Every structure is written in structure tokens, then in C-alpha cells.
Amino acid sequence: MKIIQFVLWLILLSSCSSTQVNQTLGEVNKALELEQPLSTAEVGEGLKEALIKGISTGSDLASQLDGYFKNPEIKIPFPPEAKKVEDKLRQLGFDKDVDRFIMTLNRGAEEAAKEAKPIFITAIKSMTIQDAWGILKGEEDAATQYLKRTTSPQLKEKFMPVIRNALSRVNATKYYGDIVNTYNQIPFVQDVNPNLDEYATDKAMEGLFILIANEEKAIRQNPAARTTDLLKRVFRAQN
């Protein structure tokens, strides 16, 4: 490697201007720097950086208008334990009411996603680096799964009030109550009243983790997605 560099430098010195030489030498040195062995701390910081980039991109995508509602990968459907409510009301001609609720349910998730970023970033920054090397050599979503596994309970506790407020702001809670009350008034049906806040929180978090995993996969597979030197060093090491 050193011999090749020396030959290249001789060629450059004989055919390029001093500015070009300095620029090229800088690029060569930077490339060599990327090849230096990684420390455990660097791997840990690189993974945190990747996750922060992922959640930043993910929450920005999710918090846009229709970020959930028009993304089939993360769109939140009618609560499955109340699917019979949806089916029955559609049979009775309440399609608009059901569709309006589903839209506002996703609007609530989009509103909550705006406030999700700092919650997730705080959790990411506090993660340990004990499993860093295993994550680095793991599956395409290994870092995301690690974050999901180790932080979900705490994240859910912090995120539920956010989603509850968001659902209230967009009237999803009111529409859901109207729908359930309408259903419960139908003769011979068993009353239902699933916990909307918990369901919406779980699905909103699930959607964000999906988007984080997508971003992590891009960073692992696509060098252009590695936007900092540390990301380049960490994820280049696994290739």
C-alpha cells in the first residue's frame, strides 16, 4: 500500500499543480484514516449516530401530512379487536364515519411523530455499547431491533401522553367514541371499548421503528447514505 502511494505521489507531483496535489493528498490521507482500526467507543458512537439519523429521517417522514395515512407500510388501521365494529358499521352504511376515524387516527400519529424525535434521541444517547460489535455485524436492522428491545417500555411510557394529546387535538378520540357508541346501540351486539390510546401508541411507535429500520438498511447498503466520516468508518468496516 505504501509503495503504491509513493508511486502515485510521484506521478501527481510531476503532472499536477500544487493545489491539485494538496487536494489529492488530503483525500488520500482521509481515505487512509477511514481504514484505521475502530475502537469500541467509535463503533458505539457510530451506531448511535446512525440511529439518530434514522429516527430524525423517520420522524420527519412520519410527521408530514399523510406520513402515516398514505404510507401503506405504516398506516394505522381500525383496531383489530374492534374489527367487528368496523365491519358492522360499514354494512349499515357508516363508511364515511369509519373512514374519517381512520384518517384522524393516522393524523394523531403524524402529530405525535413531531414530538417523538427528542424522546427517541434521548433513549439512543443513553444506550450502552456492550453489544456494539454484535450489532455492527448483525442483520440489516440489528441496531433498530436493539433499540426497540431495550427502550420500548420507557419510550411507550413517555410517548403515550404525546399520542393521547395528539388524538384529542385532531378529534380522533371523539370520533372513536361516537363510532363505539353507535355500534353499542345496535341490538344484540356485545359492547366493545378497546383502549384507543394504547393501540395508537403501539402502532405509532411500530411505524417509527419501521422507518428507522429502513434508514439503517440504507446506511448499511448505500455508501451515499453515510453522511459523516464516523458513519463511513463504522459501516465500511463491516463490508
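Points to keep in mind about this one:
- Considering the stretch 220-230, the residues that are of a type outside the set (S, T, Y) and outside any helix (DSSP H, G or I) include one that is surrounded by the most Cβ atoms within 10 Å (Cβ to Cβ), namely R226.
Rundown of residues vs (1) in the same structural domain as D99 (by TED's automatic domain parsing); (2) surrounded by fewer than 19 Cβ atoms within 10 Å (Cβ to Cβ); (3) among the hydrophobic types (A, V, I, L, M, F, W, C), yes/no style:
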| residue | (1), (2), (3) |
| --- | --- |
| S126 | yes, yes, no |
| G134 | yes, yes, no |
| K148 | yes, yes, no |
| Y175 | yes, no, no |
| A213 | yes, no, yes |
| A218 | yes, yes, yes |
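- Taking the stretch 164-204 as the range and being in a loop (DSSP other than H, G, I, E, B), β-branched (V, I, T) and out of contact with any helix residue (DSSP H, G or I) (no Cβ under 6 Å at 6 or more places or on another chain) as the test, the residues that pass are I186, V189.
- Applying the condition of being closer than 13 Å to T104 by Cα and among the small types (G, A, S) to the stretch 131-185 and asking which residue is farthest from the chain's Cα centre (by Cα) yields G177.
- Qualifying residues in the stretch 47-87 (those that are in contact with a helix residue (DSSP H, G or I) (Cβ under 6 Å, 6 or more places away or on another chain) and more than 26 Å from E115 (Cα to Cα)) - the one surrounded by the most Cβ atoms within 10 Å (Cβ to Cβ): V85
- Annotation note: of N171, N181, N222, N165, the sole residue that is out of contact with any Leu (no Cβ under 8 Å at 6 or more places or on another chain) and within 26 Å of E42 (Cβ to Cβ) is N222.
The values are calculated or read from the model by the stated rules, or taken from the named source; none is laboratory data. Predicted, not measured: the structure shown is a model, and the values here were computed from it. Note that we place each Cβ from the backbone using ideal geometry, even for glycine, and neighbour counts take in every protein chain shown.
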